[in-house]
Amino acid sequence: MTDPVKHTDGGEAQPAKKRVFVALLPLIIFSALAGIFTWQLLSGKNMQEIPSALIGRDAPQTDLPPLEGLRLADGSQTPGLKGADLKGQVTLVNIWASWCVPCRDEHPLIVKLGQDPRIKVVGLNYKDAPENALEFLNSLGNSYDAVGTDRSGRAGIDWGVYGVPETFIVNREGKIVYKFVGPLSTESLIKQFMPEVEKALAQ
């Protein structure tokens, strides 16, 4: 007597295929991201000019407390950062932290920008210890017109911050018109950032 023919419906093969797919998923995602990065690199786009959903919109209504002990030139307490104050003058909003090495490298340029009477420069101190932030500015110089402390990082989320440093240009109407990601250098300040500042001033 012959054995009856056993029929299969592929039920055993399906879990195996699923396991293979799950195992390969990280590689697929990595390959896709690598492809996007390569395309952007070869396209000639500046990776520091990451598009922001906030461009053309009103600056977030930030209301951050001041960095206690930080003084203006006249000896008064440097005010905190309020969204309502980002109108009437072209303003640069610099996101920084004392623990950020690139922030230390770019800071002399931020100080220089703060000496330009045509613009207002304010700082958003991101996820930092106040005593460290104060020491940073006292040792490296402070030309911020206002500094708000964002210890929780919540305001950074509102501003769509990828990391520090980042610098936004806000026009006289209080709208964000430009975002620069990463530390400013002398070259990027001259070739990229200041032309955008001049555009905002000319509006």
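The values are calculated or read from the model by the stated rules, or taken from the named source; none is laboratory data. The structure displayed is predicted, hence computed values, not measured ones. Note: ideal-geometry Cβ built from the backbone for every residue, glycine included; neighbour counts use all protein chains shown. Heavy atoms of the whole protein, side chains included, go into the accessibility calculation; ligands, DNA and RNA do not. Shrake-Rupley method; radii C 1.70, N 1.55, O 1.52, S 1.80 Å.
Just the protein heavy atoms count here, and of the accessible area of segment 113-203 at 1.4 Å, carbon and sulfur take up 51 percent.
Counted over segment 76-203, the DSSP beta bridges are approximately 50% antiparallel.
Per-residue extension of 0.36 nm, minus the Cα-Cα distance of ASP58 and ASP158, leaves a gain of 34.8 nm for this segment. Accessible surface for segment 59-165, divided over its residues, is 46 Å² per residue with a 1.4 Å probe.
Rank-order 88-94, 184-190 by packing density, defined as the average count of other C-beta atoms within 10 Å over each peptide's residues, highest first.
88-94, 184-190
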